[in-house]
Amino acid sequence: MHVPPQYSAMLIPQSVAWGMAAIIMALFAWLLSRQRRLAGELRDARIHARALGDLFDVWQWRSDADHHLTQLRPPNGTPAGAWTVPPAGELLWTRFRAGDEAAVRACVGAHSPVSDLPVQVQLPGGKLAHGQLRGIALHDGEGRFAGYHGTLRVLSATPVPPRPVPAATHADSESESFSYTVSHDLRAPIRVVEGFTKILKEDYGRLLDRIGNDHLDRVLGAAARMNCMIDALLALSQLSTQPLARQPVHLSQLAAYIADDLRRQSPERRVAVHIEPEIHVQGDPTLLRVALENLLGNAWKYTAKSRDPQIWFGRDVQQTGCVFAVRDNGAGFDMRFADRLFGVFQRLHSATEFQGTGIGLASVRRIVRRHGGDIWAESEVDRGATFRFTLGET
């Protein structure tokens, strides 16, 4: 074949082409071998990290970017020496109580190190402990804040004194026992499913196509949702056994803190939250915070599709006695189904439309009734909802 002189310099000899192909294949094989070696080193590092954690004589804890406590591990030598998952949505300063909550919030809000902060904490097992809290801020690969990893050194611990338990109906007692047992019995198989699915994705995900990896992600998502429901069920069960410590509570300040947390979690949303100032009551601050978190969180969630989202919290002067109300202009609901509203796992909206576990309002009613009060709701579809509640002697 005759090649014009102007193109002859552009032709690559066949031997050179085969040599380049061999170099590319060798480079690909080296990259594949290096990836496998790095994966093995990562697994070894995880094993070593777990072994190192077994040597610590302090409690270890982790939180997410929104300061929710995500994991808690007892010191080495305790019967349950593995990471456990605290109740869903439990904030760092709710579990670890310091003398000045505002100072703690300011510290973690600035992502500053926590150094030997004196705290009081109720440990799993029913002991009230005093200790020193430490923590360092973590960041992801792009430098964004990803939460805290820290330790708690217990200096002294005493059993929580027994308290009189309010009389409960036989149905309530059976329900709590059933919830607690099912929650613990379900946890083990879900961990197995979740653990093996993660291993399958990490070690063999590259060999699967997009559809195969999507199936694995669906399994992990379902396991995560089930874990959330179990956590919520356990939290609901614990509301009846947690000691009720009545003391002065600044409800307006609690509501303002919760509103700030909601804004930080959804900075893209612009919601007007109106809080009546200087509302003071007598009650358990931890439980009342849980109740307000659920009520204000629901109002925040169900106003997501409103053009001008508005949320109000304060006293309802139109009611007889001391009645408080959380009102919104969100999706609302049909009052024909209001009797299902405070039931466990009862939802009036689909999970695809509004996320949730169906536990929140059941928790609120249990908390309110433990304080000697009651809760009820009024609503219209697409016209918002109002939740009114009392707290007994305030």
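The values are calculated or read from the model by the stated rules, or taken from the named source; none is laboratory data. Because the structure is a prediction, the values reported are computed rather than measured. Heads up, the Cβs are rebuilt from the backbone with ideal geometry, glycines too, and the neighbour counts pull from every protein chain shown. Accessible surface areas use protein heavy atoms only, side chains included; no ligands, DNA or RNA. Shrake-Rupley method; radii C 1.70, N 1.55, O 1.52, S 1.80 Å.
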Positions within the range 259-297 being open to solvent by less than 50 Å² (accessible area, probe 1.4 Å), over 21 Å from Arg370 (Cα atoms) and in contact with a strand residue (DSSP E or B) (Cβ under 9 Å, 6 or more places away or on another chain), in sequence order: Ala259, Asp261, Leu262, Val271, Ala272, Val273
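Residues checked against (1) open to solvent by 30 Å² or more (accessible area, probe 1.4 Å); (2) at pLDDT 70 or above; (3) aromatic (Phe, Trp, Tyr):
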| position | (1), (2), (3) |
| --- | --- |
| Thr197 | no, yes, no |
| Arg218 | yes, yes, no |
| Asn227 | no, yes, no |
| Leu239 | no, no, no |
Out of Gly283, Gly330, Gly321, sole residue that is over 17 Å from Leu92 (Cα atoms) and touching a helix residue (DSSP H, G or I) at 6+ places or on another chain (Cβ under 8 Å): Gly330
Among the residues in the range 358-380, are any over 23 Å from the mean Cα position of the chain (by Cα), open to solvent by 30 Å² or more (accessible area, probe 1.4 Å), modelled with pLDDT under 85 and over 27 Å from Trp93 (Cβ atoms)? yes
Within the range 125-136, does at least one residue satisfy the condition of being in contact with a strand residue (DSSP E or B) (Cβ under 8 Å, 6 or more places away or on another chain), among the hydrophobic types (A, V, I, L, M, F, W, C), surrounded by 13 or more Cβ atoms within 10 Å (Cβ to Cβ) and modelled with pLDDT under 75? no
Which one is modelled with the highest pLDDT among residues in the range 50-63 that are closer than 24 Å to Asn227 by Cα and open to solvent by 50 Å² or more (accessible area, probe 1.4 Å)? Arg62
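Select from the range 286-312 the residues that are touching a Gly at 6+ places or on another chain (Cβ under 6 Å) and either at pLDDT 90 or above or not in a loop (DSSP other than H, G, I, E, B) (or both) and list them in ascending order.
Scanning the range 286-312 gives Asn294, Tyr302.
Ser179: at pLDDT below 60, buried (at least 16 other Cβ atoms within 10 Å of the Cβ), of a type in the set (Gly, Ala, Ser) and not in a strand (DSSP E or B), yes or no?
Values: at pLDDT below 60: yes; buried (at least 16 other Cβ atoms within 10 Å of the Cβ): yes; of a type in the set (Gly, Ala, Ser): yes; not in a strand (DSSP E or B): yes.
Judged against the criteria, Ser179 is a match.
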Under 6 Å by Cβ, and 6 or more places apart or on different chains, what pairs join a residue from the range 129-145 that is under 18 Å from Gln60 (Cα atoms) and β-branched (Val, Ile, Thr) with one that is in a loop (DSSP other than H, G, I, E, B) and open to solvent by 70 Å² or more (accessible area, probe 1.4 Å)? Ile136/Pro113
